[in-house]
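*Asks:* The structure's right below; bear with me while I get my questions together.
The values are calculated or read from the model by the stated rules, or taken from the named source; none is laboratory data. Note that the structure is a prediction, hence the values are computed from the model and not measured. Virtual Cβ from ideal backbone geometry, glycine too; neighbours counted across all protein chains shown.
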Amino acid sequence: MSTPRLRQLLHRVGGEFWLPLPLIATLVWFTGNYMAARVLNRAYDSVNKLQAGTQLTTQRSVTILTMNAEIDRRSGLTKLVIKTTAPTLKRLEYEFPFTQASQIEAAIAKELAMPVADVRKSIAYRIKD
């Protein structure tokens with residue numbers, strides 16, 4: 001086959017496009033791998049480091065509408081439902097592993113960071129036997 005016939009055949013099947021395509025793809029692949037290896041092996045020193053093992057304390061500044069505690073003496077659990085005025089936090093639910101009112105009030109006061117006297121004023125109990 002002579003050179004002009006070969007060029008004519010390559011032109012007919014789109015050889016000008018298909019022959020260099022694997023070469024370009026291989027070049028892009030090697031370049032991408034090289035760049036990824038360089039970026040991933042680079043040392044990263046951050047001023048703000050992640051601290052594990054510390055708990056974030058949040059302050060909830062919402063007005064409590066109702067606190068309803070349902071004491072289930074058979075299971076030994078107390079379920080507490082708190083309704084608030086906050087648009088994003090309308091309802092809070094807690095479950096405590098005890099049934100005595102003083103323990104429940106102390107746990108709620110600790111959880112909500114409020115005085116026990118305020119909890120006593122706003123809580124309503126329902127006992128389920």
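*Asks:* Does residue 111 count as surrounded by 14 or more Cβ atoms within 10 Å (Cβ to Cβ) and free of Cβ contacts under 8 Å to residues at least 24 places away in the same chain?
*Replies:* Working: surrounded by 14 or more Cβ atoms within 10 Å (Cβ to Cβ): yes; free of Cβ contacts under 8 Å to residues at least 24 places away in the same chain: yes.
Spelling it out, residue 111 is indeed surrounded by 14 or more Cβ atoms within 10 Å (Cβ to Cβ) and free of Cβ contacts under 8 Å to residues at least 24 places away in the same chain.
*Asks:* Here's something else I'd like to know. Assigned by TED's automatic domain parsing to the domain that holds residue 113, surrounded by 11 or more Cβ atoms within 10 Å (Cβ to Cβ) and either over 26 Å from residue 125 (Cα atoms) or of a type outside the set (Lys, Arg) (or both): which single residue out of 88, 78 fits that description?
*Replies:* Result: 78 is the single residue among 88, 78 that is assigned by TED's automatic domain parsing to the domain that holds residue 113, surrounded by 11 or more Cβ atoms within 10 Å (Cβ to Cβ) and either over 26 Å from residue 125 (Cα atoms) or of a type outside the set (Lys, Arg) (or both).
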